[in-house]
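Data first, discussion second: the structure below is written as structure tokens.
The values are calculated or read from the model by the stated rules, or taken from the named source; none is laboratory data. Please read these numbers as outputs of a predicted model, since none were measured by experiment. Cβ placement follows ideal geometry from the backbone for every residue including glycine, while neighbour counts extend to all protein chains displayed. All accessible areas refer to the heavy atoms of the entire protein, side chains included, with ligands and DNA or RNA removed. Shrake-Rupley method; radii C 1.70, N 1.55, O 1.52, S 1.80 Å.
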Amino acid sequence: MERIDLEHDPAEGRIVFPGNPWPAGHAIEEFAWTGRIDENGNLWFDLHLRSAEYVAEGEPESAEGADDWASPRVWRDCGSCTLSSTYWGEDDGTGFLAATPGNPFRLKARAPQRLTADPLPLVEFDQLEYLAFNIYLLGHDSVADQEVIFTRRPDGAHDIEWHGRIALTYADDTEFRHRFRARITAPLEYIRYPASLSPEEAQDHLQAVLDAPELFETGLVDGQPAWVPRR
């Protein structure tokens, strides 16, 4: 994956879209980091982000002849951004593959943990329908070439840096010519697992994909079995 070198990194709790009318970006109003173990024992991380209204901190003057990306009016009319692997349905995005059995995600490690999804170029055009995340930005667009870095903090939460490329597919533009970058601090809220697993099997699965199973206990999330942070 090509590294993204932006002139202005976002401040904590913000998402930026370089080249849009707000160089300092937009506040993040909702964020969730969750996990799930699939039937094969793999661990996936889902992220859900919703920005503040684009014009929440003011609306710049419109430049004559500006394209959609640079037009405050176009952004204003679209409201806010939702970038998520869960918002449009549990099976609508895969999220990030975080660990496989025997190759655990190191939740307690001080070293940053890096995950990627949907590297460019996409092999086939049809992959646009099956990307790891969905995005509503200036319409229902597409996001790929993503990277997320988790860095553990002393309080057990993680600093999260997340970036990738955007294609304005709402306007039939399939080139990933635009970018986003977000920074936020959050904990891992829970890890769901298949209801078909016994408690002992679920424990074995968790130990195979996470270096800190002792930090979690069994519970329910929306009626589904999950590992939740131990109180």
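Values computed for the structure shown
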quantity: Options (1) -0.24, -0.90, -1.35; (2) -0.30, -0.90, -1.29; (3) -0.34, -0.88, -1.19 - which one matches log10 I(q)/I(0) by the Debye sum over Cα atoms at q = 0.07, 0.14, 0.18 Å⁻¹ as calculated here; calculated: (1)
quantity: Spin-label model distance (nm) - ARG110 vs ALA56, 7 Å beyond Cα toward Cβ; calculated: 3.4
quantity: Estimated dipole of the chain in Debye, rounded to 20 [Cβ of Lys and Arg +1, of Asp and Glu -1, Cα centre]; calculated: 980
quantity: Heavy-atom surface of the chain, accessible at 1.4 Å and reported per residue (Å²); calculated: 50
quantity: Given charges at Cβ of Lys, Arg, Asp, Glu: segment 92-231 dipole, positive-most of LEU115, LEU137, ALA167; calculated: LEU115
quantity: Crossing angle, helix 199-209 versus the chain [Cα axis fit, 0-90 degrees, rounded to tens]; calculated: 50
quantity: Expected 222 nm ellipticity per residue - DSSP helices of 4 or more, -39500 (n - 2.57), all of the chain, to 500; calculated: -2000 deg cm²/dmol
quantity: Distance (nanometres) between label positions extended 7 Å along Cα→Cβ at ALA186 and ASP222; calculated: 1.4
quantity: Isotropically averaged projected area of segment 78-181, using the convex hull of Cα atoms (one quarter of hull area), nm²; calculated: 8.0
quantity: Cα lying deepest toward the dipole's positive end in the chain, options PRO72, SER84, ALA186, charges on Cβ; calculated: ALA186
quantity: Computed FRET value (nearest 0.05) for LEU128 with ARG76, which takes r as the C-beta separation and R₀ as 25 Å; calculated: 0.40
quantity: 19 Å reach of a label modelled at GLU12, 7 Å along Cα-to-Cβ, counting backbone N of segment 155-181; calculated: 155-163, 181
quantity: Accessible area of THR34 in the full protein assembly, 1.4 Å probe (Å², nearest 10); calculated: 10
